[in-house]
1. Look through the range 115-134, keep the residues that are buried (at least 24 other Cβ atoms within 10 Å of the Cβ) and not small (Gly, Ala, Ser), and return whichever of them is nearest to the chain's Cα centre (by Cα).
2. Given the range 93-156, what helices (runs of 4 or more DSSP H) lie entirely inside it while holding 1 or more residues that are touching a residue at least 40 places away in the same chain (Cβ under 8 Å) and hydroxyl-bearing (Ser, Thr, Tyr)?
3. Would you pick out the residues in the range 161-189 that are out of contact with any strand residue (DSSP E or B) (no Cβ under 9 Å at 6 or more places or on another chain) and either within 30 Å of Lys207 (Cβ to Cβ) or basic (Lys, Arg) (or both)?
4. I'd like the residue in the range 85-107 that is β-branched (Val, Ile, Thr) and surrounded by 15 or more Cβ atoms within 10 Å (Cβ to Cβ) and, out of all such residues, is farthest from Leu152 (Cα to Cα).
5. Look at Ala71 and say whether it is among the aliphatic types (A, V, I, L, M) and assigned to a helix (DSSP H, G or I).
6. Among the candidates Ala34, Ala48, Ala65, Ala41, which residue alone is under 17 Å from the mean Cα position of the chain (by Cα) and not in a loop (DSSP other than H, G, I, E, B)?
7. Where the second residue is at pLDDT 95 or above and assigned to a helix (DSSP H, G or I) and the first is more than 21 Å from Leu226 (Cα to Cα) and polar (S, T, N, Q) and lies in the range 24-45, which pairs have Cβ atoms under 7 Å and are six or more apart or on separate chains?
Amino acid sequence: MGGERMRTAVVTGGGSGIGRAIAMRLAEDGVDVAILDINLAGAEETAAGVRGLGRRGVAIETDVATSTSVAAAFEKAKSIGPVQILVNVAGIGEFMPFADMTEEQWDRMIAVHLKGTYNCAKAAIGEMVASGWGRIVNMASVAGLNGGGPGLAHYSAAKGGIIGFTKALAHDVGPTGVTVNAIAPGLIDTPMIRDSAVSQVIIQYTKERTPMRRIGLPADIAAACLYLVAEDASFITGQIISPNGGAYM
């Protein structure tokens, strides 16, 4: 981050996809990273990559939907330093027509995405406020802006909630020197997308209607995140940045 003092980050969902790309990009820029993921093996792979770049990296098995798991994880994260950057990426994907959606499916989607974002922000915010500096970046989605499409009522509701939460928290902590922003990606080529039944037909259709004529890569989101956590972004808060190739304007 351009010669600034080194910082420590927590990246949730850092065991693969967008989370891994963000963790690695931060490490390349001189940040130590704690990787929180329910998939410990994936988190360990990312942590090893972070250490391979000469930074401190630690993997912590965490269920972000459970406040006690998050609290324990943040205690462990302190082993590499006070948490000054939080990137909330952890999430799940699923297509389910609303008529067939169970209450359990709805609750789990909200719990992982929206409550998980709350749990981690709650765990991180006190130390950030006390130090007078902090960066929180929440992972929303274009689906939170436009409804996503059929089968995504629970996902879109969770991501829309993250957008509202981001703006409200930015109001709360802005006077303390902490910024809170969200990234709302379009369709990104990640394991979660591949595993949630996004067909090649949908991918091709998205490419054809996107001005950039491609779907996104995790690196595209990592680049946006790197800007939001930098000192240069100190006047950016409560904003939603949507890297989507122009598919949604």
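The values are calculated or read from the model by the stated rules, or taken from the named source; none is laboratory data. Bear in mind that the values here come from a model prediction, so they are computed numbers and not experimental data. Backbone-built Cβ (ideal geometry, glycine too); neighbour counts: all protein chains shown.
1. The qualifying residue nearest to the chain's Cα centre (by Cα) is Thr117.
2. 116-131
3. Once the filter is applied, which keeps residues that are out of contact with any strand residue (DSSP E or B) (no Cβ under 9 Å at 6 or more places or on another chain) and either within 30 Å of Lys207 (Cβ to Cβ) or basic (Lys, Arg) (or both), the range 161-189 yields only Gly161.
4. Top of the filtered list is Ile85.
5. Yes; evaluated as a whole, the condition is true for this residue.
6. Among Ala34, Ala48, Ala65, Ala41, only Ala34 is under 17 Å from the mean Cα position of the chain (by Cα) and not in a loop (DSSP other than H, G, I, E, B).
7. Cβ pairs passing all conditions: none.
Here is a yes/no grid of residues against (1) in contact with a Gly (Cβ under 9 Å, 6 or more places away or on another chain); (2) more than 30 Å from Tyr205 (Cβ to Cβ):
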{"position": "Phe98", "(1), (2)": "yes, no"}
{"position": "Ala121", "(1), (2)": "no, yes"}
{"position": "Ser131", "(1), (2)": "yes, yes"}
{"position": "Ala140", "(1), (2)": "yes, no"}
